[in-house]
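Read-outs throughout are calculated quantities, based only on the coordinates presented, and are distinct from any laboratory measurement. For clarity, every value in this text was computed on a predicted model and none was experimentally measured. Here the Cβ positions follow ideal geometry from the backbone for every residue, glycine too, while neighbour counts run over all protein chains shown.
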Amino acid sequence: MRDKIIEIAKANGADIVGFAPISRFSADNPIYKIMPETKTVIGLGFRILRGIYRGIEEGSTYYQYTTMAVENMEETIMPMAQLKVAMHMEENGYLALPQRRHQQIMAEHNSTNPEVAYDAVYRDKPQEVQLDFLDTAVKCGLGEKGLHNVLLTDEFGPMVRYCFILTDAELGETEEYKPHLCDKCGKCVEGCPGRAIDENGNVDQWQCAVYYNGANGTKNPFMPPEAFEGFDNRLEIIAGEAKVTPETAREILDKIYFYPPAQHAYQCSICGRACDMACYMHLEEKGVLTKKFKTPFRKREEWKFSVDDFK
Ligand code: SF4
Ligand code: SF4
């Protein structure tokens with residue numbers, strides 16, 4: 001059964017498959033509310049194409065990231081693999097419940113998901129229990145937790161997305177990572193164009209939403225010179241130095257429109273997850289990633305516009 005699950009998952013786009021027995025989850029884990037019969041969590045990891053990030057690194061193409069690395073992965077590729085595996089398990093008489101991120105539904109009262117429009121998020125829905133995705137991925141042996149709260153894998157570093165299937169089948173276990181990738185270098189913190197990550201790696205979701213959407217004009221080839229007219233701190237916003245609140249973030253986001261959003265409320269990413277790119281380059285330079293490429297990710301000096309262009 002386990003080998004067949006791996007075979008089906010990989011045939012449907014998964015690159016990494018891991019298994020966590022229920023004994024790895026403490027009694028207060030949301031799993032017990034979602035499916036108390038769970039005996040194993042199957043983790044599926046999917047690479048995000050390195051070439052898609054390269055478009056943003058070069059400033060040549062942006063929309064590919066949002067559509068191909070976020071929307072199509074979350075809405076097509078990953079659910080297909082989950083469904084195919086789950087259907088196989090049902091065929092064999094087991095329960096199988098896919099778990100993907102609720103991109104637009106959250107239990108938090110006043111947080112947001114930077115990947116989707118803030119006003120498309122349904123907040124305060126505690127009955128819609130979500131797994132702790134990062135923690136579950138680590139327990140499934142897909143990777144380790146990096147400083148800025150992302151999954152780091154041996155193969156692709158942070159360039160992965162992941163989802164799960166809960167099942168009442170007993171499928172053995174995948175060894176958890178002994179953390180060895182994140183060396184706390186801080187490149188992810190420095191790499192954010194909006195100072196959304198503090199020195200301890202905590203991400204301010206509203207700050208991230210503003211700069212994920214491209215509020216830093218020095219890294220946004222689409223921003224017109226008159227951007228954010230009427231904001232007292234417009235140059236601070238454009239320089240990536242404005243500290244936002246949930247309220248001011250909404251005001252700024254209302255003025256951001258550089259590209260049409262994709263389906264399912266996905267916003268076009270202009271930062272291109274610069275935090276993850278910085279991390280990837282660091283891990284690549286150290287030579288610790290097992291998936292090697294013939295040329296380095298960064299090929300020339302990083303480009304940047306001047307804040308003076310917006311004065
Ligand atoms: S950039 Fe450095 S500190 Fe941040 S997650 Fe990667 S390895 Fe860890
Ligand atoms: S680089 Fe982008 S995705 Fe990462 S924390 Fe900053 S704004 Fe958010």
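Classify region 131-209: rounded, prolate or oblate, from the alpha-carbon gyration tensor (a ≥ b ≥ c, eigenvalue square roots; a/c under 1.5 rounded; otherwise prolate if a/b is larger than b/c)?
Values: a/c = 2.87, a/b = 1.81, b/c = 1.58.
It comes out prolate by the Cα gyration axes.
For the chain, evaluate the Debye formula with one uniform point scatterer on each Cα (no solvent term) and list log10 I(q)/I(0) at q = 0.10, 0.12 Å⁻¹, rounded to two decimals.
Summing over Cα pairs of the chain leads to -0.58, -0.83.
Using the per-residue mean of other Cβ atoms lying within 10 Å as a proxy for protection, in what order, highest first, do the peptides 116-123, 211-218 fall? Could you put the intermediate results ahead of the total?
On the way: 116-123: 15.9, 211-218: 25.9.
The packing order, highest mean first, is 211-218, 116-123.
Can you tell me the order of 297-307, 267-277, 81-91, 200-210 when each peptide is scored by its average per-residue count of other Cβ atoms within 10 angstrom, highest first?
On the way: 297-307: 12.0, 267-277: 24.6, 81-91: 18.0, 200-210: 20.7.
Listed from highest to lowest mean packing, they are 267-277, 200-210, 81-91, 297-307.
Can you show me the helix-derived [θ] at 222 nm for the chain, built from DSSP H runs with n ≥ 4 at -39,500 (n - 2.57) apiece and divided by the number of residues, rounded to the nearest 500.
-7500 deg cm²/dmol
Based on the mean of other Cβ atoms within 10 Å per residue, sort peptides 28-35, 226-233 so the most packed one is first. All intermediate terms of the calculation are to be shown ahead of the outcome.
Values: 28-35: 15.1, 226-233: 13.2.
Result, highest mean first: 28-35, 226-233.
By how many nm would the segment from LYS39 to ASN202 lengthen if fully extended, with 0.36 nm per residue of separation less the alpha-carbon distance?
Values: separation 163, 0.36 × 163 = 58.68 nm, distance 3.15 nm.
Working it through step by step, the gained length comes to 55.5 nm.
Normalised by the residues of region 1-113, what does the relative contact order come to in percent, with Cα pairs under 8 Å and at least six apart? Let's see the in-between values first.
Working: 87 pairs, mean separation 31.1, N = 113.
Result for region 1-113 is 28 percent.
Using θ = phi - 60° and the Karplus relation 6.51 cos²θ - 1.76 cosθ + 1.60, list the HN-Hα couplings for region 236-245 in order, rounded to whole Hz, with x at every Gly or Pro.
5, 4, 5, 7, x, 10, 6, 9, 9, 10
Relative contact order for region 187-294: what is it in percent, counting Cα pairs under 8 Å that are at least 6 residues apart?
Details: 120 pairs, mean separation 39.5, N = 108.
So the answer I get is 37 percent.
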